[in-house]
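Inspection log for the structure reproduced underneath, given as C-alpha coordinates.
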Amino acid sequence: MTVVLLIGSNIFMTLAWYGHLKLSEMNISTHWPLIGVILFSWGIALAEYSLQVPANRIGFVGNGGPFTLMQLKVIQEVISLTVFTVIAGMMFQGEQLHWNHFVAFICLVAAVYFVFLE
(Lines give C-alpha, C1' and ligand atoms only; values in the text may rest on other atoms or scores of the structure.)
Protein backbone atom coordinates (compact mmCIF):
# COMPACT_ATOMS: atom_id res chain seq x y z
CA MET A 1 0.00 0.00 0.00
CA THR A 2 2.87 2.35 0.83
CA VAL A 3 4.44 2.02 -2.62
CA VAL A 4 1.09 2.56 -4.38
CA LEU A 5 0.47 5.74 -2.36
CA LEU A 6 4.01 6.93 -3.08
CA ILE A 7 3.51 6.40 -6.81
CA GLY A 8 0.26 8.38 -6.70
CA SER A 9 1.81 11.18 -4.65
CA ASN A 10 4.75 11.42 -7.05
CA ILE A 11 2.45 11.73 -10.03
CA PHE A 12 0.83 14.74 -8.36
CA MET A 13 4.23 16.08 -7.24
CA THR A 14 5.63 15.93 -10.77
CA LEU A 15 2.55 17.65 -12.17
CA ALA A 16 2.74 20.33 -9.45
CA TRP A 17 6.42 21.00 -10.08
CA TYR A 18 6.50 20.76 -13.87
CA GLY A 19 2.91 20.81 -15.13
CA HIS A 20 2.86 24.60 -15.26
CA LEU A 21 5.72 24.47 -17.76
CA LYS A 22 3.55 22.40 -20.09
CA LEU A 23 0.63 24.79 -19.57
CA SER A 24 2.92 27.67 -20.51
CA GLU A 25 4.16 25.75 -23.56
CA MET A 26 0.51 25.31 -24.60
CA ASN A 27 -0.08 29.08 -24.11
CA ILE A 28 -2.59 28.42 -21.31
CA SER A 29 -0.67 29.97 -18.43
CA THR A 30 1.68 32.22 -20.38
CA HIS A 31 0.19 35.40 -18.94
CA TRP A 32 -0.48 34.14 -15.43
CA PRO A 33 1.32 36.09 -12.73
CA LEU A 34 3.90 34.09 -10.79
CA ILE A 35 1.61 33.99 -7.73
CA GLY A 36 -1.08 32.38 -9.91
CA VAL A 37 1.33 29.67 -11.04
CA ILE A 38 2.42 29.10 -7.43
CA LEU A 39 -1.17 28.80 -6.20
CA PHE A 40 -2.02 26.45 -9.07
CA SER A 41 0.96 24.25 -8.16
CA TRP A 42 0.07 24.34 -4.45
CA GLY A 43 -3.41 23.12 -5.28
CA ILE A 44 -1.92 20.10 -7.02
CA ALA A 45 0.62 19.63 -4.22
CA LEU A 46 -2.22 19.34 -1.71
CA ALA A 47 -3.25 16.11 -3.45
CA GLU A 48 0.38 14.99 -3.36
CA TYR A 49 0.64 15.54 0.40
CA SER A 50 -2.70 13.81 0.93
CA LEU A 51 -1.06 10.64 -0.41
CA GLN A 52 2.54 11.17 0.75
CA VAL A 53 1.81 11.59 4.45
CA PRO A 54 -0.35 8.45 4.75
CA ALA A 55 2.22 6.49 2.70
CA ASN A 56 4.95 7.36 5.17
CA ARG A 57 2.76 6.74 8.22
CA ILE A 58 1.59 3.35 6.93
CA GLY A 59 5.04 2.29 5.74
CA PHE A 60 7.16 3.41 8.69
CA VAL A 61 8.35 0.61 10.95
CA GLY A 62 7.65 2.78 14.02
CA ASN A 63 3.95 2.71 13.09
CA GLY A 64 3.90 -1.02 12.37
CA GLY A 65 4.96 -0.75 8.73
CA PRO A 66 7.71 -2.70 6.98
CA PHE A 67 10.19 0.12 6.19
CA THR A 68 12.79 2.07 8.14
CA LEU A 69 12.99 5.82 7.61
CA MET A 70 16.04 5.43 5.36
CA GLN A 71 14.32 2.74 3.29
CA LEU A 72 11.23 4.94 2.86
CA LYS A 73 13.38 7.82 1.63
CA VAL A 74 15.32 5.76 -0.89
CA ILE A 75 12.14 4.11 -2.19
CA GLN A 76 10.60 7.58 -2.51
CA GLU A 77 13.54 8.89 -4.54
CA VAL A 78 13.52 5.97 -6.99
CA ILE A 79 9.75 6.26 -7.44
CA SER A 80 10.09 10.03 -7.89
CA LEU A 81 12.66 9.74 -10.66
CA THR A 82 10.79 6.90 -12.35
CA VAL A 83 7.51 8.83 -12.35
CA PHE A 84 9.30 11.98 -13.50
CA THR A 85 10.95 10.13 -16.38
CA VAL A 86 7.65 8.68 -17.58
CA ILE A 87 5.73 11.97 -17.28
CA ALA A 88 8.52 14.04 -18.83
CA GLY A 89 8.72 11.59 -21.71
CA MET A 90 4.97 11.90 -22.31
CA MET A 91 4.56 15.65 -21.74
CA PHE A 92 7.83 17.04 -23.04
CA GLN A 93 8.64 15.22 -26.25
CA GLY A 94 11.89 17.16 -26.80
CA GLU A 95 13.46 15.86 -23.60
CA GLN A 96 15.60 12.83 -24.36
CA LEU A 97 17.25 10.26 -22.14
CA HIS A 98 20.98 9.77 -22.54
CA TRP A 99 23.33 7.03 -21.40
CA ASN A 100 24.28 8.90 -18.23
CA HIS A 101 20.62 9.07 -17.19
CA PHE A 102 20.40 5.28 -17.42
CA VAL A 103 23.62 4.88 -15.42
CA ALA A 104 22.26 7.22 -12.74
CA PHE A 105 19.04 5.20 -12.59
CA ILE A 106 21.02 1.98 -12.17
CA CYS A 107 22.90 3.64 -9.30
CA LEU A 108 19.56 4.48 -7.65
CA VAL A 109 18.36 0.91 -7.99
CA ALA A 110 21.65 -0.17 -6.42
CA ALA A 111 20.96 2.31 -3.59
CA VAL A 112 17.64 0.57 -2.94
CA TYR A 113 19.43 -2.76 -2.81
CA PHE A 114 22.07 -1.51 -0.37
CA VAL A 115 19.63 0.32 1.90
CA PHE A 116 17.71 -2.94 2.39
CA LEU A 117 20.84 -4.83 3.49
CA GLU A 118 20.65 -5.11 7.25
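The values are calculated or read from the model by the stated rules, or taken from the named source; none is laboratory data. Computed from a prediction, not measured in an experiment: that's the story for all the values here. Heads up, the Cβs are rebuilt from the backbone with ideal geometry, glycines too, and the neighbour counts pull from every protein chain shown. For the accessible areas, the whole protein counts, side chains as well, though only heavy atoms, and no ligand, DNA or RNA atoms are used. Shrake-Rupley method; radii C 1.70, N 1.55, O 1.52, S 1.80 Å.
Output ³J(HN,Hα) for the stretch 44-52: one whole-Hz value per residue in order, computed from phi by the Karplus curve 6.51 cos²θ - 1.76 cosθ + 1.60 with θ = phi - 60°, and x for Gly and Pro.
Couplings: 6, 5, 4, 5, 4, 5, 5, 9, 5 Hz.
When ligands, DNA and RNA are left out and all protein chains stay put, how many square angstrom of accessible area per residue does the stretch 32-118 have with a 1.4 Å probe? Present the calculation step by step, with values, prior to reporting the outcome.
Numbers: 5990 Å² over 87 residues.
Heavy-atom accessible area per residue stands at 69 Å².
Ordered by residue, what ³J(HN,Hα) values in Hz, to whole numbers, does the stretch 65-78 give under the Karplus form 6.51 cos²θ - 1.76 cosθ + 1.60, where θ = phi - 60° and Gly and Pro are x?
So the Karplus estimates, Gly and Pro as x, are x, x, 10, 6, 4, 5, 4, 4, 5, 5, 4, 4, 5, 5 Hz.
For every other residue with a beta carbon closer than 14 angstrom to the beta carbon of residue 18, add +1 if it is Lys or Arg and -1 if Asp or Glu, then tell me the sum.
Working: positive: 22; negative: 25, 48, 95.
Here the count lands on -2.
Using each residue's phi in the stretch 82-96, evaluate 6.51 cos²θ - 1.76 cosθ + 1.60 at θ = phi - 60° and report the 3J(HN,Hα) Karplus result to the nearest Hz, with x for Gly and Pro.
In residue order, the calculated couplings are 5, 4, 4, 4, 5, 5, 5, x, 7, 8, 10, 4, x, 7, 10 Hz.
Need one number: the % of Cα-Cα pairs in the chain sitting beyond the 21 Å mark. Let's see the in-between values first.
Details: 3300 of 6903 pairs.
Value for the chain: 48 percent of Cα pairs lie more than 21 Å apart.
Can you compute the modelled spin-label distance between residue 111 and residue 37, with each label point 7 Å from Cα toward Cβ, in nm?
In this crude label model, residue 111 to residue 37 measures out at 2.7 nm.
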